[in-house]
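The values are calculated or read from the model by the stated rules, or taken from the named source; none is laboratory data. Quick caveat, the model's predicted, so the values are computed rather than measured. Here the Cβ positions follow ideal geometry from the backbone for every residue, glycine too, while neighbour counts run over all protein chains shown. SASA here: full protein model, heavy atoms, side chains in, ligands and nucleic acids out. Shrake-Rupley method; radii C 1.70, N 1.55, O 1.52, S 1.80 Å.
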Protein chains: 2
Amino acid sequence: MAKGGKTLGEEALQQVARRFAVLGEPMRLRILQSLMDGELPVNSLVEATGGTQTNVSRHLQTLAAAGLVARRREGAQVFYSVADPSIFELCELVCGGIRKSLAAQAGSLR
Amino acid sequence: MAKGGKTLGEEALQQVARRFAVLGEPMRLRILQSLMDGELPVNSLVEATGGTQTNVSRHLQTLAAAGLVARRREGAQVFYSVADPSIFELCELVCGGIRKSLAAQAGSLR
DNA sequence: CAAGCATATGCGCATATGATCATATTATGA
DNA sequence: TCATAATATGATCATATGCGCATATGCTTG
């Protein structure tokens with residue numbers, strides 16, 4: 001290992017930032033959320049998210065390029081699924097953090 | 001609670017996305033990393049990250065607005081510290097996910 | 001109050017990113 | 001092969017974002 005596990009090298013840091021950035025998009029989160037219960041074809045994702053076909057498709061490319069979702073072709077359809085379950089743990093953690101932030105804010109406003 | 005804990009409402013989703021987006025910046029991650037061992041004044045962060053004073057200050061505003069860092073004034077200096085320790089758990093998780101993605105990639109390239 | 005250090009902010013620039021339209025690609029079936 | 005459905009992609013536009021310069025603000029000390 002290059003580092004003991006504490007400090008990130010510049011390269012790793014870029015990758016971590018990239019992954020956070022990919023997750024930092026409402027539409028992409030909506031897509032991932034829709035995929036929580038299992039794989040879905042693009043048209044279902046379009047319907048589930050309320051986005052346009054073009055846009056959903058683009059975001060799926062972004063997610064796939066980042067290794068967050070996997071593609072599976074079945075006939076004319078393409079099914080996408082979450083490739084990295086840690087995504088949901090991340091969301092849980094973030095939610096918890098947000099709750100704490102709000103609480104702290106509320107406290108300081110008192 | 002509005003939701004059982006599974007699906008996020010639109011509002012919560014925006015907040016989660018926002019938090020991820022704030023973390024999705026290399027310089028901001030560098031700043032947070034520099035703050036891992038405790039609070040630091042801006043000039044130390046400038047030195048530690050290699051950024052300009054202007055830029056570091058700006059990113060600190062962003063981080064503070066998102067509730068990720070806390071401000072403490074001491075004389076002419078302003079000390080910043082990590083306000084939400086879950087940040088580091090997030091980074092750990094992301095690192096793990098990236099390792100897995102890379103491994104999966106390597107496997108599919110074989 | 002003046003001078004000086006530490007930090008923040010208005011402004012402008014360059015680039016990145018998300019959204020949409022039209023069109024291309026890929027696969028199925030008559 | 002032609003028509004059609006499902007998905008992807010090139011081109012374009014509008015906006016967001018990061019960056020740096022200059023300057024403003026806040027605080028301390030003489």
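Using only alpha carbon pairs under 8 Å that are at least six residues apart, calculate the relative contact order of chain A and give it in whole percent.
Working: 79 pairs, mean separation 22.9, N = 110.
About 21 percent, as a whole number.
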Residue-averaged beta-carbon neighbours from other chains (10 angstrom radius) around B:51-59: 0
Where only alpha carbons of the protein assembly as shown are counted, the Rg and the Dmax (Å): 18.8, 68
For chain B: span of alpha carbons on each principal axis (Å, largest first): 54, 44, 22
Cα centroid of the range B:15-35 to Cα centroid of the range A:68-110, whole Å: 15
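When the Kirkwood radius is taken over all Cα pairs of the range B:4-57, what Stokes-Einstein diffusion coefficient follows at 25 °C and 0.890 mPa s, in µm²/s?
Numbers: Rh = 12.9 Å.
In µm²/s, the coefficient rounds to 191.
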Folded to 0 to 90 degrees: helix A:53-65 orientation relative to chain A principal axis, Cα: 60
Most mobile listed residue (A:17, A:64, A:48) in chain A, GNM with C-alpha springs under 10 Å: A:17
Exam field: residue B:76 pseudo-label spacings to other copies (7 Å along Cα-Cβ), nanometres: 7.2
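Shielding by partners for A:9-18, please: the mean number of other protein chain Cβ atoms within 10 Å of each residue's Cβ.
Working: counts 0, 2, 0, 6, 6, 2, 7, 12, 9, 4.
Other-chain Cβ atoms within 10 Å of each residue's Cβ, averaged: 5.
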Shielding by partners, peptide A:20-33 (average Cβ within 10 angstrom, other chains): 5
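Might you tell me the accessible area per residue for chain A, computed with a 1.4 Å probe and given in Å²?
On the way: 6070 Å² over 110 residues.
About 55 Å² of surface per residue is accessible.
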Other copies of residue B:11: label-to-label distances in nm, shortest first, labels 7 Å along the beta-carbon direction: 4.5
In degrees, nearest ten, helix A:86-109 long axis to first principal axis of chain A (Cα): 40
Using a 7 Å Cα-to-Cβ projection, residue B:62 label spacings across copies, nm, ascending: 1.5
Accessible area that becomes buried as B packs against A, both chains, 1.4 Å probe, Å², nearest 100: 3300
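Quick check for me: using +1 on Lys/Arg Cβ and -1 on Asp/Glu Cβ, what's the dipole size of the range B:10-83 about its Cα centre, in debye to the nearest 20? Write down the numbers at each step before the final one.
Working: 8 positive and 7 negative charges, 24 e Å.
Charge dipole of the range B:10-83: 120 debye, to the nearest 20.
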